[in-house]
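Report on the structure given below.
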Amino acid sequence: ARSVDEVLASDATIRITRTASRLHYLVADRAGQVAVVEFRDGQRFTYTGSTLPAAALANDFYADALQRASQLERAGQPGDRFTHAARSSREYDAKVHGDPVSYAFATLAHVAQKPAQSLAGAPTSTSAAHMTQWSIVYEIDAGRLHFRSPGATAIKSLSLADVDFS
């Protein structure tokens, strides 16, 4: 799809196969449109415009994450992963924070699920499947994506202009 509107319209003909995980996606386009699309109890929920106060996702349904973030902020408590990512997304200012790609990776590093540690500082038996595996930053306007993984921590970049989509 070339736009968020086309992605949303494709719901009548395309549906991602359900897995054991909750399904939700953050979709964006070059025109600056952003949407969260998620599936709950077999029903699609879409958040855009005023119903999308923060372009962020974590592992919970969007409405639940927004509600919890609001409660944490009202209580003056430190936020969870979603709350921090949402705040970071809203607060980005190029004059203050500089390079948006570096800022995005710093945010992703802060909210990444890391291995649990014992009181002695040694990793516990937390499964690698429950840790963040990929950090990906899309520069939609520039047609580039940047990524890293736990096994390859140096940021790699790909220009979509270099990809033959035929």
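The values are calculated or read from the model by the stated rules, or taken from the named source; none is laboratory data. Since the model is a prediction, treat every value here as computed from it, not as a measurement. All Cβ positions, even for glycine, are placed from backbone atoms using ideal geometry, and neighbour counts span all protein chains on display. What goes into the accessible areas is simple: the full protein's heavy atoms, side chains included, and nothing from ligands, DNA or RNA. Shrake-Rupley method; radii C 1.70, N 1.55, O 1.52, S 1.80 Å.
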Return the total of residues in the range 29-85 being open to solvent by less than 60 Å² (accessible area, probe 1.4 Å), within 18 Å of S3 (Cβ to Cβ) and in a loop (DSSP other than H, G, I, E, B). 4
Inter-residue pairs, beta-carbon under 8 Å, first assigned to a helix (DSSP H, G or I) and in the range 90-117, second surrounded by 12 or more Cβ atoms within 10 Å (Cβ to Cβ) and acidic (D, E), 6+ apart: P100/E139; V101/E139
In the range 1-27, residues that are touching a helix residue (DSSP H, G or I) at 6+ places or on another chain (Cβ under 7 Å) and either open to solvent by less than 40 Å² (accessible area, probe 1.4 Å) or part of a helix (DSSP H, G or I) (or both) total 2
Only listed residue being at pLDDT below 90, open to solvent by less than 50 Å² (accessible area, probe 1.4 Å) and within 22 Å of I155 (Cα to Cα), chosen from A129, A112, A104, A116: A112
Residues within the range 144-159 that are open to solvent by less than 50 Å² (accessible area, probe 1.4 Å) and modelled with pLDDT of 90 or more, tallied: 3
